[in-house]
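Read the structure below first, then the notes.
Please treat every number below as a calculation from the coordinates, not as lab data. Keep in mind that this is a model prediction, so the values were computed, not measured. Reconstructed Cβ throughout: ideal geometry from the backbone, glycine too, with neighbour counts over all protein chains shown.
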Amino acid sequence: MAIPLIVALVMQFGNTTAEEHSGIFERIVPVCYPPGREPPAYDFRLVNQYGRWVQLSDLWNETVLMTFTYTYCPDVCPMMHYVLNKSLPQIKPHIKWILDISLDPERDTVERIFHYSRGNGYNWTFLTGSASELEAVWQSYRVTRYVTTLNGKFYIAHDMVWIVVRDGVILGVVRGLPAPETLAHYITKIVERRC
């Protein structure tokens, strides 16, 4: 089911943009859904870096932060992982699970995401699955993914998005690449329902 952005209230946090700290030219867009008007979260079952299945609906009673990256990403994903890693101390009191969903089902195998997460010291859950399983997740959460080449190499252009889910609904979304403290601020406001 698609996210109906029409019912969203856009939170007013000023004019923070990603280019202020990272060179990415994308405006930061936080969206918080008002209580009782949250769109339903799409349930899925994907495999994590330890080869175990993770079903989103099994985590409904916890607050979950989802993002979408891939391990061979040469530019944006490492910056997203840096921002997430740096914001962990601030968001951990509010977020029980972090799910990093692959955008590259052909190359992000269980073994690959295991070595990538361990090798970089990332302490969150990486998920992968078949192309059809992942495609359903991307479409349901309105994640744009475009496969192309960059300097003659395979490349996936994609949205930078952070989605907060709890109790089977989407509490809010942050689009763009904010600084770590800004991401933590937005996520905290979304979780605390300060829309």
Picked from the stretch 115-136 (must be under 23 Å from Ala41 (Cβ atoms), out of contact with any helix residue (DSSP H, G or I) (no Cβ under 9 Å at 6 or more places or on another chain) and not hydroxyl-bearing (Ser, Thr, Tyr)), the residue surrounded by the fewest Cβ atoms within 10 Å (Cβ to Cβ) is Ala131
Among the residues of the stretch 127-134, is any under 14 Å from Met80 (Cβ atoms), outside any helix (DSSP H, G or I) and in contact with a strand residue (DSSP E or B) (Cβ under 7 Å, 6 or more places away or on another chain)?
-> no
Look at Asp167 and say whether it is surrounded by 21 or more Cβ atoms within 10 Å (Cβ to Cβ), closer than 26 Å to Val47 by Cβ and among the acidic types (Asp, Glu).
-> no
Tell me which of these His81 doesn't satisfy, since it passes every other one: (1) touching a residue at least 60 places away in the same chain (Cβ under 8 Å); (2) within 15 Å of Pro178 (Cβ to Cβ); (3) of a type outside the set (Ser, Thr, Tyr).
-> (1)
Count of residues meeting criterion [aliphatic (A, V, I, L, M) and farther than 15 Å from Tyr72 by Cβ] in the stretch 142-161 = 3
Looking at the stretch 137-164, which of its residues are of a type in the set (Phe, Trp, Tyr) and surrounded by 22 or more Cβ atoms within 10 Å (Cβ to Cβ)?
-> Tyr141, Trp162
